[in-house]
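Taken together, the values in this text are just the output of simple stated rules run on the coordinates, not laboratory data. The model shown is predicted, which means the values in this text are computed figures rather than measured ones. Methodologically, a virtual Cβ is constructed for each residue, glycine included, from the backbone with ideal geometry; neighbour enumeration extends over all protein chains shown.
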Amino acid sequence: MAKKRDFVVFGLGKFGQSVAQTLSMNGCDVLAIDKNEEIIQDIASTVTHAVQADVTDQDALSALGVRNFDAAIIAISNDMQSSIMATILVKELGVPYVLAKAQNEIHKKVLEKVGADKVVFPEREIGVRIANNLISENFVDYIELSEDYSIVEVSILDEWIGKSLKELDMRAKYGMNVMAIRQGANISITPGPDVTLKDGDVLVVIGSNKDLKKINIIKH
């Protein structure tokens, strides 16, 4: 079983709340931080911990044990300076992975310069998508077609390496169809049954969310 991961989310606008609540629904420990007490009260019942704090106060972040978290999401949208400062501080405190939201390309470049591992330009709709990306070990990318079906890019499982699509019989065993295979820089559309999977390959598959959850691709 994969280790349970701990996340800290700074800034609880629509995007921050969406990521924090989705991570929490998936069984992760989530610390949500915002300077607005009203927002903290609203989200408190749906995350592990919710705290009112100044995200630019290093002493406050240290006292909250931010250094112990696996990843930080800097979701501050209306204050570029606070966003940059929070990114610097969490990296200095030793958080291994920092995902930050940017307002524009200049903001993105600054966030990357100060240590953000990934910078995004999200709206609320992709908050769930990013949260799922953070959670699943096999998960690469995810498009929800409906409540019941999704298209996903997925890193192949160890037990699939060296086997052909015919041997694996994805439709019968896993209830999903392989639409394409990415092998390094090459993409094979509608691959034939004799294609053998190699370590590092990425499959693009379509299937029901119920079936995809069985092999730990999606967890919501």
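Charges only on Cβ, +1 for Lys and Arg, -1 for Asp and Glu: so what's the dipole of the stretch 139-214 about the Cα centre, in debye to the nearest 20? Kindly include the intermediate steps, with their values, before the conclusion.
On the way: 9 positive and 13 negative charges, 34 e Å.
In total the dipole reaches around 160 debye.
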Worksheet item: Can you flag which of LYS14/LYS101; LYS108/LYS198; LYS118/LYS213; LYS113/LYS198; LYS166/LYS198; LYS35/LYS91 are past 23 Å Cα-Cα?
Response: LYS108/LYS198; LYS118/LYS213; LYS113/LYS198
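For ASN104 and ALA185, FRET efficiency with R0 = 35 Å and r from the beta-carbon atoms, rounded to 0.05? Let's see the in-between values first.
Working: r = 30 Å, r/R0 = 0.86.
Efficiency, from the Cβ-Cβ distance: 0.70.
If I take every Cα pair under 8 Å that is 6 or more residues apart in the stretch 6-135, average their sequence separation and divide by the length, what percent do I get for the relative contact order?
On the way: 248 pairs, mean separation 33.8, N = 130.
The value is 26 percent.
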Worksheet entry | the stretch 139-214: relative contact order as a whole-number percent, Cα under 8 Å and 6+ apart | 39 percent
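Taking only C-alpha pairs under 8 Å that are 6+ residues apart, what is the relative contact order of the stretch 61-122 in percent?
Values: 96 pairs, mean separation 20.4, N = 62.
Computed value for the stretch 61-122: 33 percent relative contact order.
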Practice prompt. First check a/c for the stretch 3-48, with a ≥ b ≥ c the square roots of the eigenvalues of its C-alpha gyration tensor; if it is under 1.5, answer rounded, and if not, answer prolate when a/b is larger than b/c or oblate otherwise.
Written response: prolate
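If each residue's Cβ is checked for other Cβ atoms within 10 Å, how do VAL178, VAL110 rank with the fewest at the top?
So the ranking, lowest neighbour count to highest, is VAL110, VAL178.
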Worksheet, complete the sentence: With Rh as the Kirkwood radius over Cα pairs, the stretch 1-95 has Rg/Rh of 0.94
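For THR190, THR196, THR87, what's the fewest-to-most ordering of other Cβ within 10 Å of each Cβ? Before the final figure, lay out the partial values.
On the way: THR190 9, THR196 13, THR87 28.
The most exposed by this proxy come first: THR190, THR196, THR87.
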